[in-house]
Structures are given as structure tokens and as C-alpha cells.
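Asks: First, the structure itself, so that you have it in front of you.
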Amino acid sequence: MSLRNQLLLLQALIVCVVVLATGIVAASLSERQVRDAYLDRMIGVAQSVAGLPAIRDAFDDPDPAAVIQPIAEVIREASNVTYVVVTDVRGIRYSHPDADRIGERVSTDPSVPLSGETYVGTQTGTLGESWRAKVPVRVDDGTVVGTVSVGILESSLRADFVGGLSGLVIALVASAVVGIFGAGWVTAIIRRRIYRLEPKEIASLVGSRETMLHGLSEGVISVDENGVIVLVNDAALELLALETDTLTGHAAAEVLEAPLVAVLERGEAGGQLVLAGERILVARSTGTEFDGHAVGATLLVRDHTELHQLLREMDGAQSLTNGLRAQAHEFANKLHVISGLLELGLVDEARDFVERTGTGGALRVAGEEVIREIPELAALLLVKASHARELGMRVAITPSEPLPAVLRSDAAASLRGDLVTVVGNLIDNALEACAAGNHIELSFAVDGGLVRLTVDDDGSGIEPDQYERVFEEGVSSKTVPGGGADAGPETAATLRRRGIGLALVRRIVERSGGRATVGRSDLGGARFTVELPLGAAVLAGRVTR
């Protein structure tokens, strides 16, 4: 059965059941009102007859029926009741609609009214089943000398009740018809709202959406017009390192980091780099406003950390390639010199030339023996030093105690990764802040339970009022051509991509319980100092060694 027919039948059934129940209740109330109205009339008539002086005085006459019968019949016809029967204490009738019944004993028990009480109920008498009221007849001293019974046939009650139902039935039928037409109208509206889809089609669409949504590698977060999160997929939870119950149903401004909320509200079609935890994400959004009105929006986040790392590795590979090319060219020149000296027979001069040139080439960094225990860090600095030479700068490690061999253990894997990330970002920051002819120096020290890293340069440095702000996301001391207040879209996008490296350094250091500071270097530029705890496992290994 189609959804339309199901909705229509279900609503029509509900309407009919409600109308029927209402009709039953209304009919019951109507029947009760009819009975109550007749009861009040019967009791009033019975008490009026029992209180008439002529009726009470007639009980002392030789023929009470001669007086009572005419009075009772007049009252019966005037009050529109079925009968008015007056009896003595023995139950002998003094009045009856059928005169032939006068003088006979009543067919029902008169004990209740003879005891001085009023009786109300349904009994079957000579005229049939009737709804009746019986009251006692008292003389002046209060003695009960007889009874008055006033009743209405049940058939008359039913006829009156049924006669009053016609209007109620018409109203109920009209209500049911209106309700069914209303159900049809509601069904049509619902069908239009759900694009005339059937339940199976809706279930298929929902299943497909869930499969697609949670299968995406890109994080999706949707909010309604009030800024409350209504949908989150698995990728978003993983990228933001959050749980479902901390997102869905909460305001985005309360659970998301400020840069993500800014992108969500502002709208960013091209994507913007933001820092979430220690991940670099590319965030895009449709914006929470349209024509000045609040609307629902969707935030898309994609992990840029791996891409960022790949770009760094590509830059390193390119620098390595250039360094090898320069080294090959340099060695070729040396070989040509040696070959020429040998051809001229100047063997001693050739030997002196080899001794003067020494070993090594472009892939060297002064002081690299300090970091030999961390091969990945040594490889990173070799590449950075080669890149610096291409830019006309120099990178060196100042003389210091070599890093302990325990840093090569498995327990120090996390610390080695943090050191590589921190050193890479600080060297990149120094290279971009300096110019040709500048000098960058690194120093390492192990002091107690800390590894202290210092990066100095002789560049332009950082103003003291910017020492804390340089670690904030989006804040950069680098200048971009055309980056003023009237910057174009491309320049603005470039500025938004700045200020990620130092913010990432600060987050890594704070996560590990260390500290990152910036100040003035003895070389004249900036000095960045980072302290990273060795950790209990590394310290235990160091003591053992």
C-alpha cells in the first residue's frame, strides 16, 4: 500500500474512532439528562400529590377513590407522566390510569415509601417496565397513611432519547466527513513535503546518505540557523579528536575552536588553513548568513597535516637534489684540477691540493656531531643547511654536549618526533625571517629532565610587545607584498595561511608539558627557546645507561 493511502486510512480511522467515542459519550450524557429531567418531574409531582389536603383528607372517607382518582388523573395529564397511583398502607390502589385496576393491590413492593423513605428506580408493573418515584403520604402528626407512585414507561424514555439523537448524529457525521477531508488535505501536504517519496525510497536515501557521509575522508559538520550542531560525520570526530556526545546538540561556538567557528560563520569557499589541536586543517564553509538572515551552514574540514608534511619532504628532496648537483659539480672541478696537475707531472702539488680541500661537500652542517644520536634530526638539519646555503645564509650548531644516546630508544620515539617538528618549524621561521648574509645558530642541551633547544639568528628580530602574539595562530611577523588594509583576495588568502608553524610549536610544547619562549638574541635577531621534558621512561633509560 502506498504511503498516501496508508496515511489517509490511518487518519480516517482515527477520526472515525474519535467521532464514535465522542458520540457514545454525548449520547450517554444526553440519556442521563433525559432521565434526570423526568426524575425531577416525577418526584415533584409525587410530592405535590402527597401534600394535597384533599388527598390526605380523602383517606378518612368511606370511598377514597371517588375523590383521589379525578385529582390524580388531572395531575397526570397536566404533568405528562404515564401514571399517578395513590395507595393506602395495605397497597390498595385509590387511583390508576386504568379505572378497572382501582381497589386492587399494587404489583410491586411498597415497603420503602411506607417506611418514610423516597424510592427511585425501574420496576415492571401492570403498565410495563417504567422509571418511577414513590413517596409516602403523611397526615398532620407525621403518620404514614399511604403512598404516591409516579412513573414513566421506559419505552417513552427511549423514544424521547432517540428523538433527540437526530441532531447529534447529524453533527457527528458532519464532523467525520470534515475530518476525513482534512486527513486527505494533510496527507497531500505531507506528501509534498517529502517530495512524494515512498517509505522504502526514504529509507534507501537515508542509508545511502549515512554510508556516504561516514565514508568520506573529509570532515563534515552541519549547524542549524541557531548555530547548534545537528550533524557530524566520523572523519570530523577523528580530525577534531572529539566524541559524538560533545558535538551534536551543542552550540558550535562552545565546542569548536575559535578559528573553525570564524570560518563557519564567515564562509570560506576556497579553504583556509587552521590549527585544530596539533593538526593543520583546511576548512571551508557556506556561511551562516544569507541576505542578512541566519541560515544553516556546513563546515568541511580536510587534514592538511600529511599534505603539509609531504610538501616539506618535497622541499627537502628538492634541496637535497640541488645540493647533490652542486656537490657533483664541485667534485668534478676538483677532479679536473687533480687531473691537470698529474698530467703536468706535479704530483706533490696534486697531493697538497687534495689535503687542502679535505673531505665532505655541500651536505654538511657545522656541529652536526651534536645530534648524531637522532638520525632523522640530523638528516633534517643537513637539508635545511643546504637550503640555507642556496639562499645565501648559514645554519650551524654551536658547540655543546652531544645529545644522549638514550634518545634513540623506543621510549623516546615521541620526543624525537616532537624535536623534529619543533626544529623544522623554527628553522623555517628563521629562514623566512632572515635575508641573504644572515646567520642561524642552534644549540642543544640536556639539563636534568629537560631537552633545551635554542635557535638564534642575526635578522631583524621581533618587537617585545609581539613576544606572546607570535605564537598565536594567524599572527606572523613576515610581510607580504600588497598586504595592507586594501589587500586583494589572493594576498588576503596568503596572509591567512601564515602564522601556523609557531602556533603548532606552542601546542606541541604545551601538550608535552614544556615551554616555548622568544626573546632577543646575542646575534642581534630573535632567539627562540624550547624546553621539552625527557619523560619518565627516557630518564629511567638514561640512568640505566
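Asks: List, please: which pairs have Cβ atoms under 8 Å, are six or more places apart or on different chains, and start with a residue in segment 202-219 that is more than 25 Å from LEU240 (Cβ to Cβ) and end with one that is surrounded by 11 or more Cβ atoms within 10 Å (Cβ to Cβ) and aliphatic (A, V, I, L, M)?
Replies: Pairs found: ILE202/ILE194; LEU205/LEU197.
Asks: If you don't mind, there's one more thing I want to ask. Could you look through segment 387-411, keep only residues that are part of a loop (DSSP other than H, G, I, E, B) and surrounded by 13 or more Cβ atoms within 10 Å (Cβ to Cβ), and pick out the one that is modelled with the highest pLDDT?
Replies: Out of the qualifying residues, it is MET393.
Asks: Tally up the residues in segment 472-502 that are within 33 Å of the chain's Cα centre (by Cα) and at pLDDT 85 or above, please.
Replies: Looking only at that region, the number is 0.
Asks: Looking only at segment 412-426, which residues are among the charged types (D, E, K, R) and open to solvent by 30 Å² or more (accessible area, probe 1.4 Å)?
Replies: Within segment 412-426, just ARG416 meets the criteria.
Asks: Report, ordered by the first and then the second residue, all pairs with beta carbons closer than 7 Å, sequence separation of six or more or different chains, a first member in segment 247-261 that is farther than 19 Å from GLY271 by Cα, and a second member that is of a type outside the set (A, V, I, L, M) and open to solvent by 30 Å² or more (accessible area, probe 1.4 Å).
Replies: VAL255/THR246
Asks: Ok, one more. Would you check if GLY541 is modelled with pLDDT under 85 and open to solvent by less than 30 Å² (accessible area, probe 1.4 Å)?
Replies: yes
Asks: In addition: Look through segment 346-386, keep the residues that are of a type in the set (Gly, Ala, Ser) and either part of a helix (DSSP H, G or I) or modelled with pLDDT of 80 or more (or both), and return whichever of them is surrounded by the fewest Cβ atoms within 10 Å (Cβ to Cβ).
Replies: Of everything passing the filter in segment 346-386, ALA379 is surrounded by the fewest Cβ atoms within 10 Å (Cβ to Cβ).
Asks: Any residue in segment 114-135 that is closer than 13 Å to ALA50 by Cβ and open to solvent by 20 Å² or more (accessible area, probe 1.4 Å) sitting within a Cβ distance under 8 Å of a residue that is assigned to a loop (DSSP other than H, G, I, E, B) and modelled with pLDDT of 85 or more? List the pairs, counting only those 6 or more apart or interchain.
Replies: That search, which allows pairs on different chains as well, returns LEU114/VAL89.
Asks: Mind checking whether some residue in segment 149-160 is outside any helix (DSSP H, G or I), exposed (fewer than 14 other Cβ atoms within 10 Å of the Cβ), in contact with a Ser or Thr (Cβ under 8 Å, 6 or more places away or on another chain) and not hydrophobic (A, V, I, L, M, F, W, C)?
Replies: No, segment 149-160 has no match at all.
Asks: If we scan segment 51-74, do we find a residue that is at negative phi, in a loop (DSSP other than H, G, I, E, B), open to solvent by less than 70 Å² (accessible area, probe 1.4 Å) and touching an Asp or Glu at 6+ places or on another chain (Cβ under 9 Å)?
Replies: For segment 51-74, residues at negative phi, in a loop (DSSP other than H, G, I, E, B), open to solvent by less than 70 Å² (accessible area, probe 1.4 Å) and touching an Asp or Glu at 6+ places or on another chain (Cβ under 9 Å): present.
Asks: Do any residues in segment 432-455 that are free of Cβ contacts under 8 Å to residues at least 24 places away in the same chain and over 15 Å from LYS384 (Cβ atoms) have Cβ atoms under 9 Å from those of residues that are open to solvent by less than 50 Å² (accessible area, probe 1.4 Å) and among the hydrophobic types (A, V, I, L, M, F, W, C), where the two are at least six apart or on different chains, and which pairs are they?
Replies: So the pair list comes out as GLY448/LEU534.
Asks: Next question, about the same structure. Considering each residue of segment 262-275, count those that are without any contact (Cβ under 8 Å) to a residue 24 or more places away in the chain, open to solvent by less than 70 Å² (accessible area, probe 1.4 Å) and either closer than 19 Å to GLY215 by Cβ or of a type outside the set (Gly, Ala, Ser) (or both), and give that number.
Replies: Looking only at that region, the number is 1.
Asks: State yes or no: is ALA430 out of contact with any Cys (no Cβ under 7 Å at 6 or more places or on another chain), small (Gly, Ala, Ser) and open to solvent by less than 20 Å² (accessible area, probe 1.4 Å)?
Replies: yes
Asks: Still on this model: SER95 versus (1) touching a helix residue (DSSP H, G or I) at 6+ places or on another chain (Cβ under 8 Å); (2) modelled with pLDDT under 85; (3) among the hydroxyl-bearing types (Ser, Thr, Tyr): which is the lone unmet condition?
Replies: For SER95, the exception is condition (2).
Asks: How many of the residues making up segment 418-452 are modelled with pLDDT under 85 and under 14 Å from ALA396 (Cα atoms)?
Replies: 1
Asks: I've got another one for you. Would you confirm, using the coordinates I've provided, whether VAL455 is aliphatic (A, V, I, L, M), open to solvent by less than 50 Å² (accessible area, probe 1.4 Å), at pLDDT 85 or above and not in a loop (DSSP other than H, G, I, E, B)?
Replies: yes
Asks: Something else now. Of (1) open to solvent by 70 Å² or more (accessible area, probe 1.4 Å); (2) free of Cβ contacts under 8 Å to residues at least 24 places away in the same chain; (3) in contact with a helix residue (DSSP H, G or I) (Cβ under 9 Å, 6 or more places away or on another chain); (4) of a type outside the set (A, V, I, L, M, F, W, C), THR22 satisfies all except one. Which?
Replies: Result: THR22 fails condition (2) only.
Asks: Still on this structure: Step by step: first the residues of segment 278-290, then only those that are within 12 Å of ILE500 (Cα to Cα) and open to solvent by 30 Å² or more (accessible area, probe 1.4 Å), then the one that is modelled with the highest pLDDT. Which residue is that?
Replies: Per the criteria, the residue is ARG279.
Asks: Exactly one condition in (1) open to solvent by 20 Å² or more (accessible area, probe 1.4 Å); (2) more than 19 Å from VAL228 (Cβ to Cβ) is false for GLU254; which is it?
Replies: (2)
The values are calculated or read from the model by the stated rules, or taken from the named source; none is laboratory data. As the structure is a prediction and not an experimental result, all values here were calculated from the model. Virtual Cβ from ideal backbone geometry, glycine too; neighbours counted across all protein chains shown. Heads up: the accessible areas ignore ligands, DNA and RNA and are worked out on the full protein's heavy atoms, side chains in. Shrake-Rupley method; radii C 1.70, N 1.55, O 1.52, S 1.80 Å.
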